[in-house]
């Protein structure tokens, strides 16, 4: 079993492939004799494909030797290699020639981070659904120019061991272009990204937050506080969640009171500090909607420490559904976008495009939200 280890301390790696059992015609390594006794060389491949040996070397070594090789020629050469059972010594060349043997790669924007609850849920869902364990995980800088600075490429892209890519967060167009250079399929998760050759999987964040607010309004809450993400965040999830809240209030023709929105990160500490801010005001909220379950855990902890009953005095609902949500006291009501469903859609799309060689496909797939009702929400005090 071969492992990939990157120099970045923020890169998580998993086994990518068993080279002793490659699922490819002919197996073996470059230059090895075939059963009929013939040795496959670059000259043999060049003659069969009708191109120069320099073009073959350029393609297999992924180097620009000043030889222009069109996408059509590239595919013809690789098709000939596969038909002849040629297996290069270099793992990167193997992956380019047999994309289905390459790694899956989850690339997470640094603005999101691997500690993000949804990123963690998505990673675990992918691990469960990729039986071979062929998954690499790395961070990327959404603002980096990967064309001008190749060092900004995440290790799974730079090393060439991955052939199926999932990106999460704000899309980096230069990174996507680097992936598409080798005609590998890509899936972007978040707001729709108009990237030819990428499928956008768009969780319905706006619908999720609107569902949460509408549920609280239906229970009779009028003083609802929002523990949002960082002020001015460019994270598509945060933007869409805020949009959904606004849509819920627009529907009842009621403005959102600015003092009821508290901005911050997705930490337990943000939940604790924000609860103190809200409960120290003369007009206290009767319900709080949190943008993460970790923030909601901080709210539950602090509110109960101050003597409030949950949900008797204060209802709490959160976006997301971290594994600890059902075991909080009381169990937390959440609005969930299934990471399992997103992972299944992403992997299915990548596999279909690898099999059909439909790398240029560009489409949008939506994933709906659902409320998981537990015990942290009820009618406000005194509501009849």
### Query
For the range 130-245, rounded, prolate or oblate, judged on the Cα gyration tensor with a ≥ b ≥ c (square roots of eigenvalues), a/c < 1.5 rounded, else prolate if a/b > b/c?
prolate
### Query
Gaussian network model of the chain, Cα springs within a sub-10 Å range: biggest mean-square fluctuation belongs to which of 311, 255, 142?
255
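Compute and list, largest first, the equivalent-ellipsoid semi-axes of the range 269-342 from the alpha carbon gyration tensor, each √(5λ) rounded to a whole angstrom. Each step should come with its number before you reach the end.
Values: eigenvalues 103, 27, 21 Å².
After diagonalising the Cα gyration tensor, the semi-axes are 23, 12, 10 Å.
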### the range 205-336 shape via C-alpha gyration tensor axes, a/c threshold 1.5
rounded
### Query
Using alpha-carbon positions, what is the distance between the centroids of the range 131-161 and the range 233-280, in Å?
33 Å
### Query
For the range 205-336, what's the relative contact order in percent, using C-alpha pairs closer than 8 Å and at least 6 residues apart?
27 percent
### Cα-based helix-to-principal-axis angle, 71-84 vs the chain, degrees rounded to 10
70 degrees
### Query
the range 320-377 to the range 163-184: how many Å between their Cα centroids?
21 Å
### Summary
With only helices counted (DSSP H, runs n ≥ 4, each -39500 (n - 2.57)), the per-residue ellipticity at 222 nm for the chain, to the nearest 500, works out to -11000 deg cm²/dmol
### Query
For helix 205-219, what angle does its Cα long axis make with the longest principal axis of the chain, in degrees from 0 to 90 and rounded to 10?
20 degrees
### Query
Taking 0.36 nm per residue of separation and subtracting the Cα-Cα distance, what length does fully extending residue 357 through residue 373 add?
1.5 nm
### Query
Helix 339-356: angle to the longest alpha-carbon principal axis of the chain, degrees 0 to 90, nearest 10?
20 degrees
### Query
Of 205, 98, 140, which is the most mobile in a GNM of the chain whose springs link Cα atoms less than 10 angstrom apart?
98
### Message
If you take every DSSP beta bridge fully contained in the chain, what fraction is antiparallel? Give it as a percent rounded to 5.
### Response
15 percent
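Where a number appears in this text, it was derived from the coordinates with a stated rule and is not lab data. The model shown is predicted, which means the values in this text are computed figures rather than measured ones.
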